[in-house]
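What follows draws every value from the coordinates through simple rules; no lab data is involved. Everything numeric here is computed off the predicted structure, so don't read it as measured data. For neighbour counting, all protein chains shown are included, and Cβ atoms are generated from backbone atoms with ideal geometry for every residue, glycine included.
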Amino acid sequence: MLRWVILSVVVVVLAAAATLAVQYATVSSPAWNLPAGRKKEGPQPRLEVTGSLTHEFGAMATQKVGTHTWALRNVGEGDLDIWLGSSTCSCTVPKLKGEGTRETVKPGGATEIEVEWKTKDFSGEFAKSVTIGTSDPDRPELRFSIHGEVHSPVVILPTPHDGVISLGDISTDEVKRMALAVFSPDRPELKLTKLTSSKPEIISFKPEPMSPAECDQLRIKAGYRLNIEIKRKTRE
């Protein structure tokens with residue numbers, strides 16, 4: 001009986017030793033330290049982009065198309081591969097100079113990427129982007145962004161509500177005066193050629209070009225300041 005007990009203890013001890021040996025081998029064995037991904041050997045490409053990665057379109061009208069082009073140059077010593085990636089929406093379309101979805105630029109060579117933005121019926125501020133993939137080990141992905149604001153072809157500020165501009169309270173004893181801004185975001189040559197009033201004896205208009213400071217504030221090139229005067233109605 002004692003021999004079986006001793007044998008059992010020996011088996012347990014050997015099993016424990018084997019477990020420790022396996023654990024030690026697992027931790028210390030260099031076979032488990034898998035190497036990380038290596039960079040491609042040989043001459044490497046290096047991508048250089050001219051200008052900021054974000055382009056400000058500024059004010060645009062609805063149903064218009066805007067484009068911006070970035071110059072890409074390979075200043076490295078290896079071939080640079082460029083391919084189109086994702087886009088934030090179907091209204092933002094990237095295009096490579098070679099008109100395909102992938103392009104190779106030799107060392108010292110250059111190409112371009114054009115981003116097209118369609119305003120469609122969108123209104124308000126927009127911020128869109130596209131990405132490209134590259135074989136530059138330091139810039140495997142690049143994001144190009146566009147930003148701006150879309151307005152109607154002709155803008156009136158303050159904005160009319162359902163075609164009506166509220167003048168507020170009007171006293172019969174005072175002259176009411178107010179001014180509107182009238183401009184076209186993408187057609188600075190807009191001209192106001194004729195203004196009519198249904199009650200010229202009471203309501204009159206006087207347009208004058210906006211000052212440079214007013215244009216800068218609205219981020220436009222030109223526009224009109226439309227001065228409106230509502231006279232007192234004479235008592236009969």
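Tabulated results
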quantity	calculated
Projected-area average for the stretch 137-233 over all orientations - Cα convex hull basis, square nanometres	9.9 nm²
Flagged links, alpha-carbon separation over 22 Å, of Lys64/Lys194; Lys120/Lys194; Lys176/Lys199; Lys95/Lys128; Lys176/Lys206	Lys64/Lys194; Lys120/Lys194
Space enclosed by the convex hull of the alpha-carbon atoms of the stretch 47-151, per residue, Å³	83 Å³
Ranking of Asp138, Asp81 by count of other Cβ atoms within 10 Å, fewest first	Asp138, Asp81
Environment charge at His147 (Cβ cut-off 9 Å; Lys +1, Arg +1, Asp -1, Glu -1)	-2
Packing rank of 94-104, 170-180, where each peptide gets the mean count of other beta carbons within 10 Å, highest leading	94-104, 170-180
Derived scalar couplings ³J(HN,Hα) [the stretch 135-143; Karplus, 6.51 cos²θ - 1.76 cosθ + 1.60; whole Hz; x for Gly, Pro]	8, 5, x, 8, 9, x, 9, 9, 10
For Trp83, Trp117, Trp70, order by how many other beta-carbon atoms lie within 10 Å, fewest first	Trp83, Trp70, Trp117
Sorted by Cβ density within 10 Å, fewest first, the residues Lys206, Lys221	Lys206, Lys221
Inter-site label distance for Val175 and Ser86 at 7 Å from Cα along Cβ, in nm	6.1 nm
